[in-house]
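Chemist: Let me begin by handing over the structure; questions about it come next.
The values are calculated or read from the model by the stated rules, or taken from the named source; none is laboratory data. These figures come from a predicted structure and were not determined experimentally. Because the Cβ atoms are built from the backbone with ideal geometry, glycine has one as well, and the counts that use them run over all protein chains shown. To get the accessible areas, we keep the full protein, side chains included, count just its heavy atoms, and leave off ligands, DNA and RNA. Shrake-Rupley method; radii C 1.70, N 1.55, O 1.52, S 1.80 Å.
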Amino acid sequence: MTGELMARARAGDGDAFRQLTQPFRRELQVHCYRMLGSFQDAEDALQDTLLAAWQALDGFQERASVRTWLYRIATNRCLNLRRTASRRPAKQWDIPQVEPPEPTGLGEIVWLQPFPDTMLAGPEAGYEQREAVSLAFVTALQLLPPRQVAVLILRDVLDFQAAEVADMLDATVDSVHSALKRARAGLRQRLRESDPPPPDSPAERAIVAAFTRAWTAADLTALVELLTDDVFISMPPMPLEYEGREVAARFCAAILAGGRRFDLVPTRANGQPAFGTYLRGADGLGHGTGLYVLTLSGDRISAMTRFENSALAWFGLPRSLPNR
């Protein structure tokens with residue numbers, strides 16, 4: 001069947017090319033997302049990859065599988081983007097009527113965006129693979145040199161052989177081994193330790209329910225009790241970061257001050273619990289203000305990442321809700 005589709009695609013049959021590449025589209029998009037850290041950039045890189053594959057079809061000699069060939073193209077497209085693309089700039093604080101507390105730091109990875117769990121498919125749906133798309137993992141990847149990132153993902157996440165990776169990157173096997181060693185060491189330095197409960201487990205559901213009750217009721221005491229001592233709050237593309245329970249409490253107090261009340265709509269991002277947040281307005285609507293993704297550790301929340309309301313559409317969430 002693949003041979004027949006390949007012959008038809010080489011003859012200019014676009015439908016045959018789509019059938020040939022369709023089984024790999026979602027996993028390629030996840031791969032591009034890991035490389036780039038941005039949902040929108042990953043979609044662009046995927047489209048670039050498919051266009052390049054269509055244009056290069058006559059030169060494909062079938063020494064490797066179609067999947068491996070597509071990963072080669074996608075990886076090199078992402079490497080080019082990481083080397084040359086100007087990343088989205090940091091934004092100033094833009095939450096009206098809220099004065100932010102003094103941050104503990106300013107983040108570098110302001111282009112980070114969430115990835116919907118509904119777009120994880122096939123091997124990506126497993127628990128270990130979801131861990132490899134977690135916000136902490138993807139953020140740490142953005143801080144490594146691009147070639148190390150490519151090698152680490154291809155070898156440790158996707159299980160390609162060293163010789164296959166060397167061929168994809170036009171490199172030697174020795175250089176792949178060396179880059180992998182450095183990437184693993186760099187990743188260990190940057191990853192925060194966590195022990196999240198399994199997705200949709202009773203333990204995870206209990207934390208999610210407690211967070212929902214506390215946030216919607218603006219119960220700051222209950223909310224702070226859910227946080228680890230070293231909880232970390234970030235909000236790309238705004239660079240402000242807050243680390244530690246005390247400063248996190250001040251941040252949450254600022255968001256919930258002045259009688260601001262929210263409704264939450266649950267979803268999942270990066271294998272983690274997430275919520276669309278809707279500010280209750282005087283006009284009878286809940287106005288979408290953003291998307292929060294929770295990182296869990298044991299029975300506590302170790303990180304909260306807030307994204308702009310433009311992300312709501314990627315999760316099939318509306319921009320506004322009738323007040324409840």
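Chemist: Cβ-Cβ below 8 Å, separation at least six or inter-chain, first residue in region 240-252 and closer than 20 Å to GLU108 by Cα and free of Cβ contacts under 8 Å to residues at least 60 places away in the same chain, second part of a helix (DSSP H, G or I) and small (Gly, Ala, Ser): which pairs?
Modeler: none
Chemist: Search region 46-70 for residues that are modelled with pLDDT of 90 or more and pair each with any residue that is assigned to a loop (DSSP other than H, G, I, E, B) when their beta-carbon atoms are under 7 Å apart and the residues are at least 6 apart or on different chains.
Modeler: Final answer for the pair search is TRP69/PHE60.
Chemist: For region 269-300, name all the residues that are within 25 Å of GLY258 (Cα to Cα) and of a type in the set (A, V, I, L, M). Write out each step before concluding.
Modeler: Just the residues of region 269-300 that are within 25 Å of GLY258 (Cα to Cα), to begin with: 274-294.
Within region 269-300, ALA274, LEU279, ALA282, LEU285, LEU291, VAL293, LEU294 qualify.
Chemist: Tell me which residues, restricted to region 223-235, are closer than 22 Å to GLU99 by Cα and open to solvent by 10 Å² or more (accessible area, probe 1.4 Å).
Modeler: The answer is VAL224, PHE232, SER234.
Chemist: Is region 190-208 home to any residue that is surrounded by fewer than 17 Cβ atoms within 10 Å (Cβ to Cβ), in contact with a Lys or Arg (Cβ under 6 Å, 6 or more places away or on another chain), modelled with pLDDT of 95 or more and not basic (Lys, Arg)?
Modeler: No - not one qualifying residue is present in region 190-208.
Chemist: Is at least one residue of region 171-185 more than 22 Å from the chain's Cα centre (by Cα), open to solvent by less than 60 Å² (accessible area, probe 1.4 Å), small (Gly, Ala, Ser) and on the phi > 0 side of the Ramachandran plot?
Modeler: No - not one qualifying residue is present in region 171-185.
Chemist: Further question: What's the total number of residues in region 283-324 that are in a strand (DSSP E or B) and either touching a residue at least 60 places away in the same chain (Cβ under 8 Å) or small (Gly, Ala, Ser) (or both)? Spell out how you get there, then give the answer.
Modeler: Initially, region 283-324 is screened for residues in a strand (DSSP E or B), giving 285-297, 300-307, 320-322.
Pick out the ones that are also either touching a residue at least 60 places away in the same chain (Cβ under 8 Å) or small (Gly, Ala, Ser) (or both) and you get 286, 288-291, 293-297, 300-307, 320.
The total comes to 19.
Chemist: If you don't mind, there's one more thing I want to ask. Filter region 39-59 for residues that are under 17 Å from ASP117 (Cβ atoms) and in contact with a Cys (Cβ under 9 Å, 6 or more places away or on another chain) and give the result.
Modeler: As a first pass, look at region 39-59 and keep what is under 17 Å from ASP117 (Cβ atoms): 39, 42-43.
Once the filter is applied, which keeps residues that are under 17 Å from ASP117 (Cβ atoms) and in contact with a Cys (Cβ under 9 Å, 6 or more places away or on another chain), region 39-59 yields ALA42, GLU43.
Chemist: Among the strands (runs of 3 or more DSSP E) contained in region 154-272, which hold 1 or more residues that are of a type in the set (Gly, Ala, Ser) and over 30 Å from ARG63 (Cβ atoms)? First the steps, then the outcome.
Modeler: On the way: elements: 227-235, 238-243, 262-269.
Fully inside region 154-272 and qualifying: 227-235, 262-269.
Chemist: May I pose another question? Restricting the search to region 273-286, which residues are touching a Ser or Thr at 6+ places or on another chain (Cβ under 6 Å) and closer than 21 Å to PRO114 by Cα?
Modeler: ALA274, THR277, LEU279
Chemist: Taking region 85-101, which residues are more than 21 Å from the chain's Cα centre (by Cα) and free of Cβ contacts under 8 Å to residues at least 12 places away in the same chain?
Modeler: Once the filter is applied, which keeps residues that are more than 21 Å from the chain's Cα centre (by Cα) and free of Cβ contacts under 8 Å to residues at least 12 places away in the same chain, region 85-101 yields only PRO96.
Chemist: Among the candidates ARG77, ARG18, ARG34, single out the residue that is out of contact with any strand residue (DSSP E or B) (no Cβ under 7 Å at 6 or more places or on another chain), in contact (Cβ under 8 Å) with a residue 12 or more places away in the chain and open to solvent by 40 Å² or more (accessible area, probe 1.4 Å). Walk me through it before giving the result.
Modeler: Values: ARG18 fails: in contact (Cβ under 8 Å) with a residue 12 or more places away in the chain; ARG34 fails: open to solvent by 40 Å² or more (accessible area, probe 1.4 Å).
So the residue among ARG77, ARG18, ARG34 that is out of contact with any strand residue (DSSP E or B) (no Cβ under 7 Å at 6 or more places or on another chain), in contact (Cβ under 8 Å) with a residue 12 or more places away in the chain and open to solvent by 40 Å² or more (accessible area, probe 1.4 Å) is ARG77.
Chemist: In this structure, does ASP94 turn out to be in contact with a Gly (Cβ under 6 Å, 6 or more places away or on another chain), at pLDDT below 95 and among the charged types (D, E, K, R)?
Modeler: Values: in contact with a Gly (Cβ under 6 Å, 6 or more places away or on another chain): no; at pLDDT below 95: yes; among the charged types (D, E, K, R): yes.
Criteria not met by ASP94.
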